[in-house]
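As structure tokens, the structure follows; a few thoughts come after it.
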Amino acid sequence: MAAVSLCVGAGAQYDAAFNHYWTLQSLYNPAASGLKGQLDVQAAYAMQMMGYTHAPATMTITADVPLWMISPAHGAGVGFVNDKIGLFEHKRFFIHYAYHQKLWGGRLSVGVRGGLLAESFDGTGVDVIETGDPAFPSSEVNGTVFDLDGGLRYDGRQWYAGFSVAHALAPMVSLGDAKVNEFEVPQTFYLTGGYNIRLRNPLLSMQTSAIVRTDLSAWRGDATVRLCYNGPKGKMYVGAGYSPTISASVLIGGDFHGIQLGYCYEIYTSGIGALQGTHELSIGYTTDLNLFKKGKNRHQSVRIL
């Protein structure tokens, strides 16, 4: 396998890990598409390992909505991910669909996502002793391949749980016309869940969530807890997260005039320094947008698990 393949495979996992995974429900499981019954737009941007040259920077945006013209039981959406790591850049463009069915007092959802993976490698930044080796491109090379994901999810009254697989076909990406450099994108499996804990004060709640992801050669788990204030004039939260052997994080955010804003700082526990952590921003907007109802749309933000 060529050198480009080895560089890509050196990371623990192919997909980026967002600390705001609990706001990016449809990104990690297409079964969540249209689940809120509203237009739901979510975005996040992470600047990782601050102070390091060629440090990773990742952004994503997703939007999903129920298909009212068919039935609210159907949901669909679109999304985009851009992940830049050193000389590599990974991009994903996708559309997803989900079907929701009431079951056992809750709701069972199944979803599928299809899209394109676009990979690029900037060979102009490679410093090698011997030139002319086809394993080390001297210019920017690109490759594109079809990608497929799928997932299941169940929502109860105060909890949810889901399972999904990304890159189900384990696509092979070839970079450049010569097809010298290629690599296989590994299947990645996700387990997600969350539970809302009611407190004595009706304005407060404790919201917990977790995600475990693995490509069967490496894994990462994240657990997050947030204390939420749901007042008549606004919503706020503070929280903390932990990823075993990787990092700890602090979070703060809220709903401001219908726009959900969040910030997270992730501190790595591997000893690289507290100031070399990850800054992550999250922004979202959720609103009723049923064009088939009479009257004007009613704008309302909802509580996110």
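Details
- Residue count for the stretch 149-176 under the criterion of being assigned to a loop (DSSP other than H, G, I, E, B) and over 22 Å from R92 (Cα atoms): the result is 3.
- Qualifying residue in the stretch 266-287 (condition: modelled with pLDDT of 75 or more, in contact with an Asp or Glu (Cβ under 6 Å, 6 or more places away or on another chain) and assigned to a loop (DSSP other than H, G, I, E, B)): yes
- Yes/no for S71 being surrounded by 22 or more Cβ atoms within 10 Å (Cβ to Cβ) and over 19 Å from V173 (Cβ atoms): no
- Scan of the stretch 55-81 for residues that are closer than 15 Å to Y28 by Cα and hydrophobic (A, V, I, L, M, F, W, C), ordered by number: M59, I61, A63, A76, V78, F80, V81
- Any hit, the stretch 3-10, residues being modelled with pLDDT of 95 or more and crowded, with 22+ Cβ neighbours inside 10 Å: no
- Scanning the stretch 223-242 for residues that are of a type outside the set (K, R), touching a residue at least 40 places away in the same chain (Cβ under 8 Å) and closer than 16 Å to H20 by Cβ yields T224, C228, G241.
- Residue satisfying all of: in the stretch 49-107; modelled with pLDDT under 90 and hydroxyl-bearing (S, T, Y); farthest from G143 (Cα to Cα) among these: S71
A quick yes/no check of all residues on (1) touching a Cys at 6+ places or on another chain (Cβ under 8 Å); (2) surrounded by 13 or more Cβ atoms within 10 Å (Cβ to Cβ); (3) under 30 Å from K235 (Cβ atoms); (4) among the charged types (D, E, K, R):
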residue: Q158; (1), (2), (3), (4): no, yes, yes, no
residue: A166; (1), (2), (3), (4): no, yes, no, no
residue: P171; (1), (2), (3), (4): no, yes, no, no
residue: G176; (1), (2), (3), (4): no, yes, no, no
residue: E182; (1), (2), (3), (4): no, yes, no, yes
residue: V185; (1), (2), (3), (4): no, yes, no, no
residue: F189; (1), (2), (3), (4): no, yes, no, no
residue: G193; (1), (2), (3), (4): no, yes, yes, no
residue: L203; (1), (2), (3), (4): no, no, yes, no
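- Close pairs (7 angstrom Cβ cut-off, 6 or more residues apart or separate chains): closer than 10 Å to Y14 by Cα in the stretch 173-191, among the charged types (D, E, K, R) and at pLDDT 90 or above anywhere: P186/D215; Q187/D215; T188/R213; T188/D215
- For E119, the conditions (1) in a loop (DSSP other than H, G, I, E, B); (2) crowded, with 19+ Cβ neighbours inside 10 Å; (3) at pLDDT below 95 all hold with the exception of (1).
- Taking every residue in the stretch 73-90 that is within 19 Å of F18 (Cα to Cα) and pairing it with any residue that is of a type in the set (F, W, Y) and surrounded by fewer than 18 Cβ atoms within 10 Å (Cβ to Cβ), at least 6 positions away or on another chain, the pairs with Cβ-Cβ distances below 9 Å are V78/F93; G79/F93; F80/F93; V81/F93.
The values are calculated or read from the model by the stated rules, or taken from the named source; none is laboratory data. As the structure is a computational prediction, the values presented were derived from the model and not from experiment. With ideal geometry, Cβ positions are generated from the backbone for all residues, glycine too; neighbour counts draw on all protein chains shown.
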